[in-house]
Each structure stands twice: as C-alpha cells, then as structure tokens.
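See below for the structure under consideration.
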C-alpha cells in the first residue's frame, strides 16, 4: 500500500493514518510522504509508478496553497499528469486520491497566485472526476474529498492532524476503499 501524505503531527509513526489504514485493511503500508513538500511533483509520480503496489493512496495539495503556490488550473493539470504517469506503469493498481484536508486559515484566503485552498481542492477533485468519467473511464480510481474528513479539533496546529485526526482519516480512507470496491477486506470487528 503506497502512501503519500503530507506532514504529520502523529506522536508515533504507527499512529499515522497510512499505518492505521494499512492495519485496518490488512495491508503493509509504505509511507512515501515527505514533510511540507508534497505538491504533486511529477518526479515523485514517476518513482511511485515504478514501485510494486497492491494499492496507492495519494494525498497532496495542501502545500500547493503556500510555499511554492499553485493556481487552480495548474493544480488541475498537475493532478491529471500525476495520475497519467502512475497509470502508464500501473494500469490496474487501485488508486485513491484524498484531496486536501481542512486548513482553516487557507480555505477562503487567496495564496500568492490568487487561489484559495477550497479552489485548489476543487481543481484536484475535478481532475480525478474527469478521469473517472472519461471513456472508458478509470474503474480503479476513487476520490475521497478531504474537506470534511477532519474538523478543527483534529488539527494539532491548525494544519496537521493530531493522533485522533489520523485515526479519523484512516477510518475514512479504509471506508472509502471498501465502499468503492477497491479493496475487498472485511471491516474491522
């Protein structure tokens, strides 16, 4: 299970959402995230595409609001290209894209290129939906809209999930993967 989340405020690696979701799904999670720099870099897509995986989850975009900002059209195209590069080498691997989680200070505040996080999230979600809708459609791709996965109480610093936030996110990821049929493991008891 390849994972690519952003920075974490979990107290232990075993508490991070990739690890918790992996255990819940009976998968061996490999977290390829890197702190504060996950912006959908195409070099990362190429590397990820070259690795063996039973499932790939992608979670990036929050860092596209600040640091090296993106516009909504740029993030739409970046998301399309990222998915195309992975699909080129892994045509049948299930992929779940989690769009940016809640970031209260960025939701309605324009970045240096004029995009709010809500607009960036919408661009990513549109790119995924467009790929899923396109004929013949990508039946092994699913989207988890990130905006409502966590509340402010799940953020350690207004940005990064705390341990409870990681648990909630892991549950949402596992539930979405099961509901979409991308994994067929029984629910936890």
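The values are calculated or read from the model by the stated rules, or taken from the named source; none is laboratory data. Everything quoted here is computed from the prediction, not taken from an experiment. Quick reminder, even Gly has a Cβ in these numbers, built from the backbone with ideal geometry, and neighbours come from all protein chains shown.
Just a few scattered comments:
- Candidate set from the range 104-128 (those that are without any contact (Cβ under 8 Å) to a residue 40 or more places away in the chain and assigned to a helix (DSSP H, G or I)); member that is farthest from residue 68 (Cα to Cα): 125
- Hits in the range 88-97 (condition: in contact with a helix residue (DSSP H, G or I) (Cβ under 7 Å, 6 or more places away or on another chain) and touching a residue at least 40 places away in the same chain (Cβ under 8 Å)): 89, 90, 95, 96, 97
- Under the condition of being under 13 Å from residue 104 (Cβ atoms), in contact with a strand residue (DSSP E or B) (Cβ under 7 Å, 6 or more places away or on another chain) and assigned to a loop (DSSP other than H, G, I, E, B), the residues counted in the range 133-162 number 1.
- Taking residues in the range 20-43 that are on the phi > 0 side of the Ramachandran plot and modelled with pLDDT of 90 or more, and partners anywhere that are surrounded by fewer than 14 Cβ atoms within 10 Å (Cβ to Cβ) and part of a loop (DSSP other than H, G, I, E, B), the pairs with Cβ atoms closer than 8 Å and at least 6 places apart or on different chains are 26/185.
- All positions within the range 132-171 that are out of contact with any helix residue (DSSP H, G or I) (no Cβ under 7 Å at 6 or more places or on another chain), in contact (Cβ under 8 Å) with a residue 40 or more places away in the chain and on the phi < 0 side of the Ramachandran plot: 140, 148, 151, 152, 156, 157, 159, 160, 171
- Qualifying residue in the range 64-87 (condition: under 14 Å from the mean Cα position of the chain (by Cα), in contact (Cβ under 8 Å) with a residue 60 or more places away in the chain and either buried (at least 17 other Cβ atoms within 10 Å of the Cβ) or over 23 Å from residue 180 (Cα atoms) (or both)): no
- Residue, farthest from residue 72 (Cα to Cα), within the range 104-118, restricted to residues that are under 19 Å from the mean Cα position of the chain (by Cα) and surrounded by fewer than 19 Cβ atoms within 10 Å (Cβ to Cβ): 104
- Taken over the range 172-187, the criterion of being in a loop (DSSP other than H, G, I, E, B) and in contact with a helix residue (DSSP H, G or I) (Cβ under 7 Å, 6 or more places away or on another chain) is satisfied by 183, 185, 187.
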